[in-house]
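Below: one structure, written as structure tokens.
The values are calculated or read from the model by the stated rules, or taken from the named source; none is laboratory data. Since we're looking at a predicted model, the values are computed, not measured. Counting neighbours? That spans all protein chains shown, and the Cβs are built from the backbone with ideal geometry, glycine included.
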Amino acid sequence: MNIIIKKHLLLYKGYKLKCCIGKSGFKKNKKEGDLSTPRGLFKLGKLYYRKDRIKKLNSKLKKRIIKKNMGWCNDIRSKKYNQEICFPFKYGYEKLYRKDKIYDIFINIKYNYLPIIKGKGSAIFLHLSKKNYKATSGCVALAKKDFLKILPSINRKTKILIK
């Protein structure tokens, strides 16, 4: 069963959960920095989490602990574009170890993946929303309680359909 993102709703296994998307809405032809959420059907990657903030984790996905030296490259000049990186790093990136808690737990959405096309967009995640459900830079975000509610039934075969 697929996770479906439609307007500001996440639909999955009988759940209808409020979520937020990119500030510019949905786009079929996403570009780096356009603040849009890409339309399409995508596989899910690893589950990343902060061990100091998420104590109990019930998940069938491969897990990766977020460390202070981790980031995600969003710079088209780098060979590591749209991939996890470690610091120090001389190109543009997004920090994964953050104060604001939105990346305390997230799943990498395999958008612009195999092959990675520079400029098509990077760091598209299913992550935690801010309290006011403020629009994202292109990711899909939902409340922590809702993320943890659906997480146990997500597995490596689960896909996300962004309409």
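Identify the residue in region 131-147 that is in contact (Cβ under 8 Å) with a residue 40 or more places away in the chain and over 25 Å from Lys80 (Cα atoms) and, among all such residues, is surrounded by the fewest Cβ atoms within 10 Å (Cβ to Cβ).
If we filter region 131-147 for residues that are in contact (Cβ under 8 Å) with a residue 40 or more places away in the chain, which is where we start, we get 133-144, 146-147.
Applying the additional criterion that residues be over 25 Å from Lys80 (Cα atoms) yields 133-135, 142-144, 146-147.
Details: Tyr133: 15, Lys134: 11, Ala135: 19, Leu142: 23, Ala143: 17, Lys144: 16, Asp146: 17, Phe147: 23.
My answer is Lys134.
Given the criteria modelled with pLDDT under 95 and more than 18 Å from Ala143 (Cβ to Cβ), does Met1 qualify?
Working: modelled with pLDDT under 95: yes; more than 18 Å from Ala143 (Cβ to Cβ): yes.
Yes; evaluated as a whole, the condition is true for this residue.
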Filter result for Asn58 (within 20 Å of Ile160 (Cα to Cα) and either without any contact (Cβ under 8 Å) to a residue 24 or more places away in the chain or not acidic (Asp, Glu) (or both)) | yes
From the options Ile107, Ile117, Ile154, residue that is without any contact (Cβ under 8 Å) to a residue 12 or more places away in the chain and either more than 20 Å from Tyr49 (Cβ to Cβ) or in contact with a Leu (Cβ under 9 Å, 6 or more places away or on another chain) (or both) | Ile117
Restricted to region 31-56 and to residues being out of contact with any strand residue (DSSP E or B) (no Cβ under 6 Å at 6 or more places or on another chain) and farther than 20 Å from Tyr113 by Cβ, the residue surrounded by the fewest Cβ atoms within 10 Å (Cβ to Cβ) is Lys56
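Do you know which of the residues in region 80-117 that are aliphatic (A, V, I, L, M) and under 26 Å from Asn155 (Cβ atoms) is surrounded by the fewest Cβ atoms within 10 Å (Cβ to Cβ)? Lay out the reasoning, then the answer.
Our first condition is that a residue be aliphatic (A, V, I, L, M); within region 80-117, this holds for 85, 96, 102, 105, 107, 109, 114, 116-117.
Those still in the list that are under 26 Å from Asn155 (Cβ atoms) too: 96, 102, 105, 107, 109, 114, 116.
Numbers: Leu96: 21, Ile102: 18, Ile105: 24, Ile107: 23, Ile109: 27, Leu114: 6, Ile116: 15.
For region 80-117, the residue satisfying everything is Leu114.
Anything in region 1-48 that is part of a loop (DSSP other than H, G, I, E, B), within 22 Å of Ile76 (Cβ to Cβ) and either touching a Leu at 6+ places or on another chain (Cβ under 6 Å) or polar (S, T, N, Q) (or both)? List them, or say none.
The initial filter retains those residues of region 1-48 that are part of a loop (DSSP other than H, G, I, E, B), namely 1-2, 7-8, 13-14, 21, 23-25, 28-36, 39.
Next, from what is left, pick out any that are within 22 Å of Ile76 (Cβ to Cβ): 23-24, 28-36, 39.
Those that are part of a loop (DSSP other than H, G, I, E, B), within 22 Å of Ile76 (Cβ to Cβ) and either touching a Leu at 6+ places or on another chain (Cβ under 6 Å) or polar (S, T, N, Q) (or both): Lys23, Ser24, Asn29, Ser36.
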So, in region 57-75, of the ones that are of a type in the set (A, V, I, L, M) and surrounded by fewer than 18 Cβ atoms within 10 Å (Cβ to Cβ), which residue ends up farthest from the chain's Cα centre (by Cα)?
-> Leu57
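Go through region 60-128 and tell me which strands (runs of 3 or more DSSP E), entirely inside it, have 1 or more residues that are under 20 Å from Lys31 (Cα atoms) and of a type in the set (D, E, K, R). Can you show your working first?
Details: elements: 63-65, 70-73, 84-86, 93-95, 105-109, 125-128.
Per the criteria, 84-86, 93-95.
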